[in-house]
Structures are given as structure tokens and as C-alpha cells.
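Input: a single structure, listed below in C-alpha cells.
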């Protein structure tokens with residue numbers, strides 16, 4: 001008799017989650033789930049609702065509708081500390097590090113280890129140095145000296161220190177808030193590599209980004225948000241990078257604009273120039289956006 005495989009309970013799951021601020025609906029009918037060893041990518045432009053989503057999962061705000069489950073248990077978190085106690089760690093874009101403090105002090109910031117007792121109690125500096133060095137090395141970060149100020153590290157390296165710290169302190173779910181937004185191509189690649197390493201170590205990762213070219217190589221699922229609502233929820237095998245890019249780059253909106261301009265006899269050259277500018281801008285991180293051929297403007301004498 002063949003054994004039946006039991007369904008995997010997601011580490012974190014939202015079911016038709018909603019967040020209202022009085023009469024303002026910031027998030028509506030949004031669902032997602034992330035299991036151990038998976039990367040859930042949440043994509044959207046500014047104002048799409050990504051920050052609200054982060055705050056619900058991280059325990060900063062409580063949802064006002066739908067369900068929020070941690071390992072199958074419905075919850076309403078009261079604080080970020082409660083989320084952290086449940087294994088949910090959030091790495092924000094600004095990182096909240098102390099730039100002039102050594103790497104090892106930032107690694108243990110707020111959770112310093114001590115030795116001795118009573119009046120002889122003191123920081124266990126040797127243990128914290130060795131542990132920070134080992135944990136960073138396990139994540140593939142080989143620093144010359146963990147005594148160097150963390151402010152001397154590159155942006156990608158600082159992100160990776162924050163990821164390694166979350167892993168060491170027992171995170172099961174890692175929420176990354178736009179970790180590659182302010183980084184160049186090489187440093188973004190470094191961070192993406194560490195996201196994969198965190199996934200391979202069994203963590204569930206929620207990767208918040210506006211860049212489909214960063215999300216697609218590492219993601220297992222993709223949630224696209226626009227104005228607080230889901231405009232798509234896709235498994236990786238069900239969507240291509242080009243389709244994901246088209247949804248993110250607003251191809252449908254540009255096509256609608258071309259149609260409207262055609263109705264009033266206006267050239268679409270400007271729209272096509274905008275498209276080409278977006279496409280050629282490597283920092284924008286978007287690919288080809290389909291725009292209808294430019295229409296000919298009828299001169300007044302031919303009317």
C-alpha cells in the first residue's frame with residue numbers, strides 16, 4: 001500500500017486579508033502562502049500595498065478582515081516582538097544598523113551574550129566575535145575582520161549580515177523589504193545568492209520587490225499588487241519572465257493610452273519614446289513593453 005503524502009502546512013498564510021484605516025482600504029482580498037524552503041515574491045510599484053502587507057505579517061499592524069495563519073493557526077499579532085517569537089523576522093530596507101559599531105556588535109545588537117555573574121557579569125566578546133564570523137561564513141560571507149565598522153561594508157554585504165543574523169536567531173520566515181532597491185547589479189546578485197542560501201537552509205522567504213528581473217530567478221510564487229489588490233498570483237511554472245515583466249511594466253495601461261490618443265488623432269511617438277526609455281534603463285529593471293505602432297496624424301489640409 002502506497003503511503004499518502006500529507007499536505008505541507010505553510011509557515012505563513014494570508015487568506016483574503018484586508019486592512020482598513022477608517023474608510024480607507026489599504027489592502028483588500030489578498031492571499032499568499034509561504035512554506036519552508038520556498039521564496040514568495042511580492043511585486044508592485046509604490047502605493048501598491050507592499051508596506052501594508054509587510055506590517056501585517058511583521059506584527060506592526062493587525063488585519064481587519066480575512067485570515068492570517070502561522071503554521072495553520074489563525075493569529076492576530078500584537079507586536080513585532082510577538083512575530084519574532086513566532087519565528088518571523090523582518091529585514092527592512094534601511095536595516096537599522098549602527099554604522100560605527102563593529103560587525104559583531106551589530107550581529108548581536110539587542111541580544112548581546114554575557115558571561116560571569118553578579119558584579120563580574122560582562123559581555124562575552126570572544127563568543128560573539130567567533131559566532132558572527134562562523135555564521136557569516138556559513139552564509140558565504142568571508143569578512144576579513146568582524147571588528148570593522150559595519151558602515152564600511154557594501155550595501156549588499158550589510159543586507160547579508162542582517163539575513164545571517166535572522167537565521168542565527170531562529171527565524172523560520174524571513175521578510176525582505178526591497179533588499180536590492182538601492183544596490184547596483186553586482187551587489188544585487190550577491191543578495192539574491194544569499195536569498196537562495198536562506199531558502200536552501202529551510203527558511204520561508206517573503207521577498208518584497210518592484211523588480212521582476214530580481215524576483216523571477218529566485219522566486220517560487222509571485223503575488224502582484226496594485227492599489228492594495230492582487231492582480232495576479234502565479235506559480236513559477238505558470239508564468240514567464242516576459243509575462244511577469246509586462247504585468248509590472250504596465251503594458252496594458254500603455255496600450256490603453258495609445259488607443260485613447262488614436263481617438264483624438266494624436267501621435268503615439270511620445271508613448272513609444274517613454275517605452276523605449278524604460279526598456280533601455282537598466283536601473284528600471286524591466287524588459288520589452290509592447291506598444292502599438294504609431295498612428296499617422298492627419299494634417300488639417302487633408303481633413
Please work out if residue 134 is under 23 Å from the mean Cα position of the chain (by Cα), free of Cβ contacts under 8 Å to residues at least 40 places away in the same chain and either more than 15 Å from residue 12 (Cβ to Cβ) or in the same structural domain as residue 195 (by TED's automatic domain parsing) (or both). no
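Within segment 154-169, does at least one residue satisfy the condition of being more than 30 Å from residue 32 (Cβ to Cβ) and either in a loop (DSSP other than H, G, I, E, B) or modelled with pLDDT under 85 (or both)? Full working, then the answer.
Within segment 154-169, the first condition is being more than 30 Å from residue 32 (Cβ to Cβ), and the residues that meet it are 154.
In the following step, the residues that additionally are either in a loop (DSSP other than H, G, I, E, B) or modelled with pLDDT under 85 (or both) were identified as 154.
Looking for residues that are more than 30 Å from residue 32 (Cβ to Cβ) and either in a loop (DSSP other than H, G, I, E, B) or modelled with pLDDT under 85 (or both), one finds at least one in segment 154-169, hence yes.
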Output yes when any residue across segment 139-162 is surrounded by 20 or more Cβ atoms within 10 Å (Cβ to Cβ), in contact with a strand residue (DSSP E or B) (Cβ under 6 Å, 6 or more places away or on another chain) and assigned by TED's automatic domain parsing to the domain that holds residue 35, and no when none is. yes
Just checking, does segment 173-181 include any residue being in the same structural domain as residue 54 (by TED's automatic domain parsing) and part of a helix (DSSP H, G or I)? no
Restricting attention to segment 61-80, does a residue exist that is surrounded by 21 or more Cβ atoms within 10 Å (Cβ to Cβ), under 28 Å from residue 150 (Cα atoms) and touching a helix residue (DSSP H, G or I) at 6+ places or on another chain (Cβ under 9 Å)? no
Looking at 231, 208, 175, can you tell me which residue is free of Cβ contacts under 8 Å to residues at least 60 places away in the same chain and closer than 20 Å to residue 17 by Cβ? 231
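The values are calculated or read from the model by the stated rules, or taken from the named source; none is laboratory data. What you see is a predicted model; the values in this text were computed from it and never measured. Quick reminder, even Gly has a Cβ in these numbers, built from the backbone with ideal geometry, and neighbours come from all protein chains shown.
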